[in-house]
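This report concerns only the one structure given below.
Quick note: the coordinates plus some simple rules give every number you see, no bench work behind them. Keep in mind that what you see is a predicted model, and the values were worked out from it rather than measured. Here the Cβ is made from the backbone with ideal geometry for all residues, glycine too, and neighbour counts use every protein chain on show.
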Amino acid sequence: MNVKNILTNLETKHPGEKEYLQAVHEVLESIESIYNENPQYEAAKIIERLVEPDRVLTFRVTWLDDEGQVHVNLGYRIQFNNAIGPYKGGIRLHPSVNLSILKFLGFEQTFKNALTTLPLGGAKGGSDFNPKGKSDAEIMRFCQAFMLELWRMIGPNTDVPAGDIGTGGREIGYLYGMYKKLQFENTGVLTGKGLNWGGSLVRPEATGFGATYFTNEMLATNNDSFKDKIVCVSGFGNVAWGVALKVTELGGKVVTISGPDGYIYDERGLDADKIEYMLALRASNNDIVSPYADEFPEAQFIAGKKPWEVKCDIAMPSATQNELNGEDAVKLIANGVQYVAEVSNMGCTPEAVEALHKAKIPFGPGKAVNAGGVGVSGLEMSQNAMKLNWTAEEVDAKLHQMMSSIHSACIKYGLQDDGYINYVKGANVAGFIKVADTMLDQGIV
C-alpha cells in the first residue's frame, strides 16, 4: 500500500473534503505495516473498498415554521460499511453539517463499532438544520419531514440511526414516531429512545461513562488512578456531563467546561449541584456556557478561549472535531499534562497528536475512547430484540467490560518496543483487522 498515492487519488475524487481525508490519512498511516504484511488485503483491494462509503444518500428536507414560512435543509445518510452488521451511527443536526464531516464520522464509526465487538457496521447522517431556538412544533415538523425521506433506507436489520449533536431524546422521539407510522411496525430502528418505549438505562451517560472507564484503564496501566487528578473537559452537553459525573465519582476534580462563547474555570471543581446544573444549561437552547459563572460566582468565565491553557493532569476534549490543535497540545505538555483522552470524534488535530506522541504522553483516540455510546446503543438493540430491559447495573457492567476489552485490543496492537502504548495505532489496527478479514470472508461485493 502506498498511502501517499491513495490519498492523492482520494483528494482528486473528493476535493475539499478535509475532515474525511484527515480521518482516512490517520487510519492508513497506522495500518500500513500490517496491511503490507498481508498480501491478501491488497489482492482484494480492501483499502480501496474500505475508504469509499457503500452509498451516500442526499435529500431535500422541506418544513414549515410556526409562522407558516417554508424552510429547506439538506439531509444526508452515509451508509459506510456493513461487513460486520447493520449500519449504525448517529444523526447530527447542526449548521456545520456537510458531506465531508459526515463521511469522516461514518468512516470512523466503522472502526469504532468493530472495536465494541458487537455486530455493527458504520454509518452517519444528519442535516444542516439548527434545532437551537426552534419550538418543539418546528423541530417535530422538521424531524417528520426528514424521516419521510429516510424511512425506506433504514430498519432494525439494515440501518439503525441514533442521536448525535443536536439530536437528543426529543428529536429521536419525533423521528421514531414518524418511522413507525410510515413503516406500520414497532421495531428498535432508532436508539436513544425514551425509557417508556424501548430505550436503555445508562444510554444518556454512556459516552461519557465509557470514555472515563477507558481513561481509567489508561491510568491503571501506569499504576495510577483518577484520585485527586485535575481534569480539564471541553463542551457542556450530554457527553461532558457524563464525563463529569463519572470522573467525580472516581475521585477526580473536573475544573473546566466550555462552549462556543468560551470556557468556565472552576478551581473548586464540579460537585453534584454543578453537574446537575449542566443539564439545565444544556436545555436552555442558548448554546452558551457563560451563565454557569452567574449561577456559581466562585467560577470564572474566560470569553473566546479554550480550556487547554489551564494546568491539569488529564485533558478530555468532549465537544467537536479538531477542537484541540498543536498549539493547545504544546501548552498542555508545558503545563504537565499526564494523559489526554479524545472523547469527541477526532477531537485533536494531527499536529496535536504528533506533539503528544513525541512527548510520550498517553493519548486515547476518539474511536476507542468514546465507543461506549454506540456500545450501549447496541445493547439497546439487543434489549429491543429480546423484548426486555436490563437494569442500570447490568448495562453499566456490560459497558465497563466493553471499554476494558477495547483498551486491551489497543495495547495488543499498539505496544511499542520502548514500552509506550500508541493507542491510535492499536485502535486502528484492531478495528481494521476485524473489518478487513470479514470483507475477505464475504468475497468481492
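Among DSSP bridges having both ends in the chain, what percentage is antiparallel? Round to the nearest 5.
About 60 percent, rounded to the nearest 5.
Quick one: if you stick a label point 7 Å off each Cα along the C-beta vector at VAL330 and ALA385, how many nm between them?
Distance between the two pseudo-spin positions: 5.0 nm.
Where a ≥ b ≥ c are the square roots of the eigenvalues of the C-alpha gyration tensor, would you call the chain rounded, which needs a/c under 1.5, or, failing that, prolate if a/b is larger than b/c, or oblate?
rounded
Taking every DSSP beta bridge with both residues inside the range 206-360, roughly what % is antiparallel (nearest 5)?
Looking only at bridges with both residues in the range 206-360, the antiparallel portion is about 45 percent.
List, in order, the whole-Hz ³J(HN,Hα) value for each residue of the range 82-92 obtained from phi through the Karplus relation with A = 6.51, B = -1.76, C = 1.60 and θ = phi - 60°; use x for Gly and Pro.
After applying 6.51 cos²θ - 1.76 cosθ + 1.60, I find 10, 4, 9, x, x, 4, 8, x, x, 10, 9 Hz.
Using the Karplus equation 6.51 cos²θ - 1.76 cosθ + 1.60 (θ = phi - 60°), what ³J(HN,Hα) coupling, rounded to whole Hz, does each residue of the range 286-302 give in order, writing x for Gly and Pro?
Karplus-based 3J(HN,Hα) across the range 286-302 equals 8, 6, 10, 9, 4, x, 4, 5, 6, 6, 10, x, 6, 8, 10, 9, 10 Hz.
Packing-wise, with mean Cβ within 10 Å as the measure, how do 247-255, 149-157 rank, highest first?
247-255, 149-157
Quick check for me: using +1 on Lys/Arg Cβ and -1 on Asp/Glu Cβ, what's the dipole size of the chain about its Cα centre, in debye to the nearest 20?
Computed charge dipole of the chain: roughly 920 debye.
What distance in nm lies between label points placed 7 Å from Cα along the C-beta direction at LEU279 and ARG60?
Roughly 4.2 nm, to one decimal.
At what distance in nm do the modelled label points of ASN186 and ASP418 sit from each other, each positioned 7 Å from its Cα along Cα→Cβ?
Going from the ASN186 label point to the ASP418 one covers 5.9 nm.
Name the long-range amide H neighbours of ALA162: under 5 Å, sequence gap of 5 or more, or other chain; modelled H, no Pro or chain starts.
Here the answer is GLY89, GLY90, ILE91, THR191, since their amide H atoms fall under 5 Å of that of ALA162.
For a test of the definition: using alpha carbon positions, the gyration tensor, and the 1.5 limit on a/c, classify the range 212-267 as rounded, prolate or oblate.
prolate
In the chain, with Lys and Arg counted as +1 and Asp and Glu as -1 at Cβ, which of these residues, CYS410, ALA43, ILE101, has the Cα nearest the positive end of the dipole, that is, farthest along it?
Positive-most Cα among the choices belongs to ALA43.
Please report, in debye to the nearest 20, how large the charge dipole of the range 3-186 is about its Cα centre when each Lys and Arg carries +1 at its beta carbon and each Asp and Glu carries -1 there.
Using only the charged Cβ atoms, the result is roughly 380 debye.
For the chain, give me every cysteine whose Cβ has no other Cys Cβ within less than 4.7 Å, ordered by residue number.
When partners are defined as cysteine Cβ atoms under 4.7 Å apart, the chain leaves CYS143, CYS348, CYS410 without one.
Mind listing the long-range amide H neighbours of SER344? Cut-off is under 5 Å, sequence gap 5 or more, other chains count too, H placed in the peptide plane at 1.01 Å from N.
Amide H to amide H, under 5 Å and 5 or more residues apart or across chains, SER344 pairs with SER318, ALA319.
Decide, for the range 255-414, between rounded, prolate and oblate: order the square roots of the alpha carbon gyration tensor eigenvalues as a ≥ b ≥ c, take rounded if a/c falls under 1.5, and otherwise choose prolate if a/b is larger than b/c, else oblate.
Here the range 255-414 falls in the oblate category.
What ranking, highest mean first, results for peptides 301-308, 4-11 when packing means the other Cβ atoms within 10 Å averaged over each residue?
Those peptides, ordered most packed to least, come out 301-308, 4-11.
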